[in-house]
1. Based on Cα positions only, what radius of gyration and what Dmax would you give for the stretch 202-360, in angstroms?
2. Expressed in nm to one decimal, what extension gain is obtained for the pair THR230 and GLN166 from 0.36 nm per residue of sequence separation less their Cα-Cα distance?
3. Work out how much length LYS79 to VAL27 would gain on full extension: take 0.36 nm times their residue separation and subtract the Cα-Cα distance, in nm to one decimal.
4. How large is ³J(HN,Hα), in whole Hz, for each residue of the stretch 203-209 in order, when computed from phi with the Karplus curve 6.51 cos²θ - 1.76 cosθ + 1.60 and θ = phi - 60°, using x for Gly and Pro?
5. Which whole-Hz ³J(HN,Hα) couplings does the stretch 27-38 yield from phi under the Karplus relation 6.51 cos²θ - 1.76 cosθ + 1.60, θ = phi - 60°, glycine and proline marked x?
6. How would you rank 309-315, 203-209, 272-278, 161-167, highest first, on the average number of other Cβ atoms within 10 Å across their residues?
7. Sequence-distant or interchain residues sharing an amide H contact under 5 Å with LEU308, placed H: which?
8. So what's the net charge close to LEU90: Lys and Arg +1, Asp and Glu -1, counting the other residues with Cβ under 12 Å from its Cβ?
Amino acid sequence: MKENHRSQLIPPSLFKKNLLGFVFLFVFSVILTYSLSSIVYFTNLVVASGSQNSYEFGVIIQNILFASLAAVFSWIFIKLFDFRIKSIWLKYLLLFLLIEFVMFFASYYMYIYVWQELGDYNPDIQPTISLGLQSALIPGFVGMIYYYFWRASQQVNKKIDEQEMQLLQLEQNKTRAELAALEARINPHFLYNALNSIASLIHEAPDTAEEMTMNLSKLFRKTTGKNQATFCTVKEEIEMVKTYIDIEQVRFGKRLRFETTIAANCEDLKVPTFIIQPLVENAIKHGVNEIIEQGIISITVEKQQNTLQLSVADNGPDFQLGENSGYGLTSIQEKLRLLYDTEGTINLENSPQKRVVITLPSIQD
């Protein structure tokens, strides 16, 4: 395993601050500076002299051709052979030999056919192995240099991708931790209210208190059985809300009426867990609890273009501008921020009816 890991690395010693690193930098700087200066000098000499010597133009064409071939076969090597070879030094050697081999035949073609057609062919200059090696030498080194920096870029990109994945994972873990902390605050808040209701009924109506306790147990079995899942289906969320209503209905009796209107194509869509129950709890506490007549709580779930709209309405007193929205609404706002950033919204409306409307962005099937 260790050997396989080392084989994936580029030669690291060439860029270290030691003698070998300095020698590599020196040679690389000399070659690059001399090469670029030669290009400028040679090209300027040809253009400035206005020479019609086809040999000089032939050299330019040859260099461009050889550079193109070096680029093509470097790319072919990377695509077809790089992943098949483990040793990094063997990769450099094979790449160099491949380019040199191609350059030898390209040189042969240039000297025998192209320059002969141009009229500058010298029969005394025979294409030899030495000539082929000389022609292949510079393109071979160019291919190796490109391959070196290509591998370096792959390593850099890999590290960047790994760091981005780590940051994403940390962000996801942070969001999950915040959601878990939010749920940990929501459940005790609800439990506190339910236990207060049960305590008030123990002496006056012990059977009713027992029924309410059983419903409370049923509700917590449903919520804790989801392994703290972030999302659930609309159908599952409504079932939890109905169980909660059963608990409250023990206390309110016929004074509390509960209605649901769920679009047929919405039951299996995913919504954040415990996104509706706090709204219903808030409607009972600040709506039904504040009126003498029968309290009506209505839940509507429907699609609105590319969004999913959840609304909880009640016939209690209107929302007052600037009033304290309570922990239920605040917790939902925080949950929407964590899950949807600024795309999930919650709005309080008094007209045409009093209701709280949650709009979720992309619908999750």
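1. Spelled out, the Cα radius of gyration and Dmax of the stretch 202-360 are 15.8, 52 Å.
2. 20.9 nm
3. Here the segment from LYS79 to VAL27 would lengthen by 15.8 nm.
4. Karplus-based 3J(HN,Hα) across the stretch 203-209 equals 7, 7, 9, x, 5, 5, 4 Hz.
5. 5, 4, 5, 5, 4, 5, 5, 5, 5, 5, 5, 5
6. In descending order of packing, they fall as 272-278, 309-315, 203-209, 161-167.
7. Placed amide hydrogens put LEU360 under 5 Å from LEU308.
8. Computed value for this residue: +2.
None of the figures in this text is laboratory data; all of them are computed from the coordinates on show. Predicted model only: the values in this text are computed from it and were never measured. Glycine also receives a Cβ, built like all others from the backbone with ideal geometry; neighbour counts cover every protein chain displayed.
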